[in-house]
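Everything below concerns the one structure shown next.
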Amino acid sequence: MKNTKTIATSKIVLRAFYGIFAVLALIVICIFCYLFFDEQAKCLDLGKIYDPEQKICRDDCLTWDEKIGCVPISEENIRKKEKGLPFNK
């Protein structure tokens, strides 16, 4: 004959284990989804500029400025970026 207290305790431990496993699985799934669907990070990993207005990855911009948007690639803008000067429209 099995002890009913032991059976009840093992059921509680088993449920706690299942709960912890479910939470960890949910965290792993959330991290995977975030990394898989993060378009801005993918774009930056490719060495391109992410356009938040059009929600596209661009390779025709030197950088992205909040005021003027896409800063075109030109000799003048490259020099300004190297010196830390502001960009003009």
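Values in this text are rule-based calculations from the coordinates and carry no lab data. This is a predicted model, so every value here is computed, not measured. Backbone-built Cβ (ideal geometry, glycine too); neighbour counts: all protein chains shown.
Inside region 42-77, can you point out the residues that are touching a Lys or Arg at 6+ places or on another chain (Cβ under 6 Å) and polar (S, T, N, Q)?
Matches in region 42-77: none.
So for region 40-49 (the condition being assigned to a strand (DSSP E or B), of a type outside the set (K, R), surrounded by 10 or more Cβ atoms within 10 Å (Cβ to Cβ) and free of Cβ contacts under 8 Å to residues at least 24 places away in the same chain), does at least one residue qualify?
We begin by selecting, within region 40-49, every residue assigned to a strand (DSSP E or B); these are 49.
From what is left, the residues that are of a type outside the set (K, R) are 49.
In the following step, the residues that additionally are surrounded by 10 or more Cβ atoms within 10 Å (Cβ to Cβ) were identified as 49.
If we keep only those that are free of Cβ contacts under 8 Å to residues at least 24 places away in the same chain too, we end up with 49.
Within region 40-49, one or more residues are assigned to a strand (DSSP E or B), of a type outside the set (K, R), surrounded by 10 or more Cβ atoms within 10 Å (Cβ to Cβ) and free of Cβ contacts under 8 Å to residues at least 24 places away in the same chain.
Could you list all residues from region 56-88 that are surrounded by 15 or more Cβ atoms within 10 Å (Cβ to Cβ) and free of Cβ contacts under 8 Å to residues at least 12 places away in the same chain?
The one that is surrounded by 15 or more Cβ atoms within 10 Å (Cβ to Cβ) and free of Cβ contacts under 8 Å to residues at least 12 places away in the same chain: K80.
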